[in-house]
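Read the figures in this text as sums done on the coordinates, not as results from a lab. Owing to the predicted nature of the structure, the values given are computational and were not obtained by experimental measurement.
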Amino acid sequence: MAEGGTQALSAAELNEALFPMAAELGVQSDKELTVFVARVHRDHLQKFLHIFSDVLVRPRFDPKEFGAPAPRRAAGHRAAPARDRRRGLGQGRARGP
């Protein structure tokens, strides 16, 4: 999101807008959260906040980036059967006679 631009600004235009302000905008994603990191001098804060809010609220998503999904599992790793996924934590397998 932070590197793709906004609906009003392409990625190149976003970089051109941030460069004169010596501003930086980055993003880090994990399984459960996404963190946006920004750095700008306070003299440019108002102009930067306008651009930053556009990045958050109106991001540009390039359709080419939404192709086939990447594989979720490493080769050789198989998913657990449904009966194992339904089993609660801390419960062992039933043992036979």
Over the Cα atoms, compute the radius of gyration (one decimal) and Dmax (the largest Cα-Cα distance, rounded to a whole number) for segment 1-61, in Å. 11.3, 35
Can you list the HN-Hα couplings for segment 48-60, worked out from phi with the Karplus curve (6.51, -1.76, 1.60; θ = phi - 60°), rounded to whole Hz and with x for Gly and Pro? 5, 4, 5, 5, 4, 5, 5, 4, 6, 8, 10, x, 9
